[in-house]
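J.: Input: one structure, supplied below.
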Amino acid sequence: MTKILILCTGNTCRSQMAEGFLKSFDSELEVYSAGVKPESMVNPNAIKVMNELGIDISGGKPQDVNEFIKDSFDYVITVCDNAKETCPVFLGDVKEQLHIGFEDPADAAGTDEEILSVFRKIRDEIKVEFTRFYRGKIKNQDG
């Protein structure tokens with residue numbers, strides 16, 4: 001079974017969406033997400049735009065990367081520059097570390113609809129990049 005950890009700063013948007021997509025691609029994957037400075041809850045706009053695609057991430061809870069520091073992973077993927085720069089050294093075995101960066105939709109300003117359109121744009125970028133990752137790295141392993 002492939003074990004994946006997705007990291008960002010607050011673990012409220014990008015990493016939660018990426019985790020949701022990977023789990024939707026393949027129920028056999030063991031996927032976790034965490035933040036280097038986790039916040040208290042998943043961003044409601046991230047939940048909303050993922051629900052639009054039939055993926056429910058409302059049960060997610062931001063977690064601290066330190067909870068996973070001793071674990072082994074096939075992939076540790078950072079999705080924001082801050083997490084990439086402050087990514088801790090993992091004590092467990094990590095086969096591959098990757099960076100697939102995205103803008104932070106939580107920084108969006110404007111009307112509710114303008115903010116949601118930014119979340120949708122980032123969501124769609126995450127879907128494209130993580131589909132590419134899944135097809136290139138994971139699905140090919142299965143033969």
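The values are calculated or read from the model by the stated rules, or taken from the named source; none is laboratory data. Computed from a predicted model, the values in this text were never measured in an experiment. For neighbour counting, all protein chains shown are included, and Cβ atoms are generated from backbone atoms with ideal geometry for every residue, glycine included.
J.: Could you pull out the residue among M41, M1, M50 that is outside any helix (DSSP H, G or I), touching a residue at least 12 places away in the same chain (Cβ under 8 Å) and either within 18 Å of I138 (Cβ to Cβ) or in contact with a helix residue (DSSP H, G or I) (Cβ under 7 Å, 6 or more places away or on another chain) (or both)?
T.: Just a single option satisfies the conditions, and that option is M1.
J.: Go through A46, A18, A34 for me and flag whichever is of a type in the set (G, A, S) and surrounded by fewer than 23 Cβ atoms within 10 Å (Cβ to Cβ).
T.: A34
J.: Please give the number of the condition S15 fails out of (1) outside any helix (DSSP H, G or I); (2) in contact with a strand residue (DSSP E or B) (Cβ under 7 Å, 6 or more places away or on another chain).
T.: S15 satisfies all of (1) outside any helix (DSSP H, G or I); (2) in contact with a strand residue (DSSP E or B) (Cβ under 7 Å, 6 or more places away or on another chain) except (1).
J.: Among (1) modelled with pLDDT of 95 or more; (2) surrounded by fewer than 20 Cβ atoms within 10 Å (Cβ to Cβ); (3) in contact with a Phe, Trp or Tyr (Cβ under 6 Å, 6 or more places away or on another chain), there is one condition M41 misses while meeting the rest; what is its number?
T.: Only one criterion in (1) modelled with pLDDT of 95 or more; (2) surrounded by fewer than 20 Cβ atoms within 10 Å (Cβ to Cβ); (3) in contact with a Phe, Trp or Tyr (Cβ under 6 Å, 6 or more places away or on another chain) is unmet by M41, namely (3).
J.: Could you grab me the full set of residues in the range 57-74 that are more than 14 Å from the chain's Cα centre (by Cα), in a loop (DSSP other than H, G, I, E, B) and not hydroxyl-bearing (S, T, Y)?
T.: Listed by number, the residues that qualify are G59, I69, K70, D71.
J.: How many residues does the range 6-33 hold that are of a type in the set (A, V, I, L, M) and either within 10 Å of V79 (Cα to Cα) or touching a Ser or Thr at 6+ places or on another chain (Cβ under 7 Å) (or both)? So that I can check it myself, show each step before the final result.
T.: Here is the first cut: in the range 6-33, the ones of a type in the set (A, V, I, L, M) are 6-7, 17-18, 22, 29, 31.
Among the residues that remain, those that are also either within 10 Å of V79 (Cα to Cα) or touching a Ser or Thr at 6+ places or on another chain (Cβ under 7 Å) (or both) are: 6-7, 18, 29.
Count: 4.
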